[in-house]
Each structure stands twice: as C-alpha cells, then as structure tokens.
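Since the structure comes first, as structure tokens, the remarks are kept for the end.
The values are calculated or read from the model by the stated rules, or taken from the named source; none is laboratory data. Model, not experiment: these values are computed from the prediction. Methodologically, a virtual Cβ is constructed for each residue, glycine included, from the backbone with ideal geometry; neighbour enumeration extends over all protein chains shown. Calculation scope for accessible area: heavy atoms of the full protein, side chains included, ligands and nucleic acids excluded. Shrake-Rupley method; radii C 1.70, N 1.55, O 1.52, S 1.80 Å.
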Amino acid sequence: MENKSFDSMSMDERIGFLKDNSSLTAEDLGNINAGTFLNADKAGKMVENVIGTYSLPYSIAPGFLINGKDYIVPMVSEEPYVTTSTVKGAEIARKNGGFTCSNTGSIMIGQVQLCDVADPSIARVKILESREEIIEAANKVDPVLVSFGGGCKDIEVRVVDSTVGPMVITHLLIDTKDAMGAQAINAMAEAVAPIIERTTGGKVNIKVLSNRAIYRLVRSRVTVKKEDVGGETNVDKIVSACAFANADPFRAATNNKGVMNGMIPVVIATGNDTRAVESGVHSFACATGKYKSISTWEKNGNGDLEGMIEVPMAVGIVGGTTKLHPGAQASLKLMGITSAPQLAEVIVSVGLAANLGVLHSLVTVGLHGDFDAARK
C-alpha cells in the first residue's frame, strides 16, 4: 500500500482512498466526515447528565504492517503532528518488515480487600483452601462469559502491610476474552466477598478491579536498518535518548507521553477507556520501583536499531462504549479487528511507531523543525 503522499491529499482524496482500500461503506465515511456518528440521545445512553456531544479530529494512519498484516489505523486526537510522526515511524518499520507482536491473553485482576483479621497469614491460607468455592461463585455471576471460555480461572492471595495495619488481598484472575471486562470483574469480586468473610472471620471492605493488568501484557518489536534512520550515528543517538529516559524520570515521563500519543488516539477511536490504559501503562513503567521508559531501543551487532515495547493493554471490542458508539464500530471495521488481543497488538505497535518517529526527529532536525515541515 503506497501512502507517501497521503498527507498531501485533500480530504476528499483521503476519503476516496478509504473507499478503495478499506471495508468502510460510503455511509460510514460520510458519518466520519460529518461527525454525525454520535448524537445526544446515543450519548445519553453512555454516560450521565448529557446535554450534547463534543467532537475531535478523526485522522488516518495508513501503512502499518503488523504481524504480516496491513492496517489502516484510525486516530482520534486534538494534538498536531502526532499522526504525522506516527505515520513516519510506521513507514520506517514497514521498510524493515513491520512490527512483530505477541500477547499474554486477556486475564484481568479483581481485588477483594479483607480487614480486621487477627492472623493475616492464616487467613490467607484459609482463602486459598476455599479456592474452588470462590471460583464457582464468581463464575455464576456471568454464565455468558463462561460459555465463551472466559470467567474466573484462579485466585492469588497476598498479605499487604499498610498504615492502618495488615490487610489480606484476594486477587480473582478473570479471563475477560474480548471485553475489557470492568463490570464483570466488579460483580465477581462482590459475589465472592461473603465467602471470604465466612472463611476468615474478617471484614471485607472494597471489591473492585485493578487496572494494573500485569497478566494482560502486549509486546511489539521492530528491527530498523541503520540507513533507514540516517546511519549508525543516529542509531547511537536514539539509543542514548532511550538511556536518558531510563536514567531520568523527568525524561521518562515525556518519552512515555510520546508513546501514548500514538496509543491513546486508537483507544479513543475504538471506544475504549483511556484512563484504564494510561494507569496500567504508568504503573508498569515503575514496576522496578523507579519510573522508566516503556520503550527500549538498542543497537544490534550489525549496527542496526532494535526497538521493543511491553505494556499492559486492557481493551475490548465488545460491550461498553465500543458497542454503543457507532464510530467505535466503524474504527474496528476499518482495521479488520476480530479480537481484543489483536486490537491491543495494533495499539501497542502504533505507540512504538509514534516513539520511533519522534525520536528520529529529536536526534535529527528537532521537533520544532519537523513540525514546521509537516505543516507546510
């Protein structure tokens, strides 16, 4: 798919390109162009106290090659230059075989906080002894999810010290399949609370999902020939910039924001929860006790650039806003998404592309120079 002149096309030409190169209908494209996918009545079914809707630019990032498959990626964002830098990274990656991805599945965590127990260690063991009963109670909450192969698969129990004394925290490990799963997780956590109280004699306080989705990880990597970033000197500069981000949390915060400049517009376009994604990514960035870069750039033995990212990515393609917002359905259709893990892999690859595009600009002409060139 040739897309070098895509940014120089008129809006009508871009729409024509999508008519010829995507599964979107003329009606889909008309609604995107006119911003008429979501009216106030539909919005009122999504959230409370609605008085209207609010629009943002809907851009297209063509040319992505991910696990050997071509993608045209929708990006909803207010920030200039983000789409341009992301497409730049995608073009560089495409020349080198694109992005290769893997994932750990769709396991999420539901937390149950237990307080007021005389012996937290014994309470932990008692909860583990009730594992089968807890899993059975959780799965009764959502038989539809279970019928699709999802549901509560296991439990973990930890003793956590706090300023108000020790707590026993039970984790429900729940496979949410193609849903983000927040409502199902919360309902399951609430359902098992009486069992935990009866088993331990303690008192359950909060029952809620965790957005630190450490069992829902997605990885994307790319190898870029040194000549495609301007030579080995630029490879060294990008590697140095990555080392800077890992050594200094001030730089890491901006680097990670740049990665999410690519990811979050796709999260928005598909009707997913930006706050859940951001909290999961940021918590993962400080998993070692120090806030670090979520992307890694190294030089291999040939002097070429190796890039990799691994982050939690809790997104869904069924339920919630993704189901209610016709624009979200059109975005999934545009990309040919058939599963939540596939969507997660696309989102993370877009983040890595955005990071590559920006880092290349930073070590060459600078962001200001590249931004000016893009706007001409």
| request: Identify, from the list Lys140, Lys88, the residue that is more than 30 Å from Ala354 (Cα to Cα) and open to solvent by 10 Å² or more (accessible area, probe 1.4 Å). | output: Lys140
| request: Mind checking which helices (runs of 4 or more DSSP H) fall wholly inside region 81-180 and carry at least 2 residues that are farther than 23 Å from Val204 by Cβ? | output: 82-95, 143-147
| Would a scan of region 169-176 turn up a residue that is exposed (fewer than 15 other Cβ atoms within 10 Å of the Cβ) and either within 26 Å of the chain's Cα centre (by Cα) or not small (Gly, Ala, Ser) (or both)? | no
| For region 346-358, does any single residue satisfy the condition of being part of a loop (DSSP other than H, G, I, E, B), under 14 Å from the mean Cα position of the chain (by Cα) and at pLDDT 95 or above? | no
| field | Residues satisfying the stated conditions in region 298-345, i.e. in contact with a Phe, Trp or Tyr (Cβ under 8 Å, 6 or more places away or on another chain), open to solvent by less than 10 Å² (accessible area, probe 1.4 Å) and either in a loop (DSSP other than H, G, I, E, B) or among the β-branched types (Val, Ile, Thr) (or both) | value | Val311
| When region 20-35 is examined, which residues are found to be more than 14 Å from Gln329 (Cβ to Cβ) and open to solvent by 50 Å² or more (accessible area, probe 1.4 Å)? | Asp20, Asn21, Ala26, Asn33, Ala34
| Failed item in (1) in contact (Cβ under 8 Å) with a residue 24 or more places away in the chain; (2) open to solvent by 40 Å² or more (accessible area, probe 1.4 Å); (3) not in a helix (DSSP H, G or I), with Lys42 passing the rest | (3)
| field | Residue check for Ala61: at pLDDT 95 or above and either of a type in the set (Lys, Arg) or open to solvent by less than 10 Å² (accessible area, probe 1.4 Å) (or both) | value | yes
| task | Please list, ordered by first then second residue, the pairs with beta carbon atoms under 7 Å, 6 or more apart or interchain, first in region 283-300 and under 24 Å from Ser210 (Cβ atoms), second assigned to a strand (DSSP E or B). | result | Phe284/Val311; Phe284/Pro312; Ile294/Ile309; Ile294/Val311; Ser295/Gly307; Ser295/Ile309
| note | Per the list (1) in contact with a Cys (Cβ under 8 Å, 6 or more places away or on another chain); (2) under 25 Å from Met335 (Cα atoms); (3) of a type outside the set (Gly, Ala, Ser), residue check on Lys292 breaks on (2)
| request: Consider only pairs whose beta carbons are under 7 Å apart and that are at least six residues apart or on different chains; among these, list those whose first residue lies in region 121-147 and is within 18 Å of Glu190 (Cα to Cα) and of a type outside the set (Lys, Arg) and whose second residue is in a loop (DSSP other than H, G, I, E, B) and open to solvent by 60 Å² or more (accessible area, probe 1.4 Å). | output: Leu145/Lys177
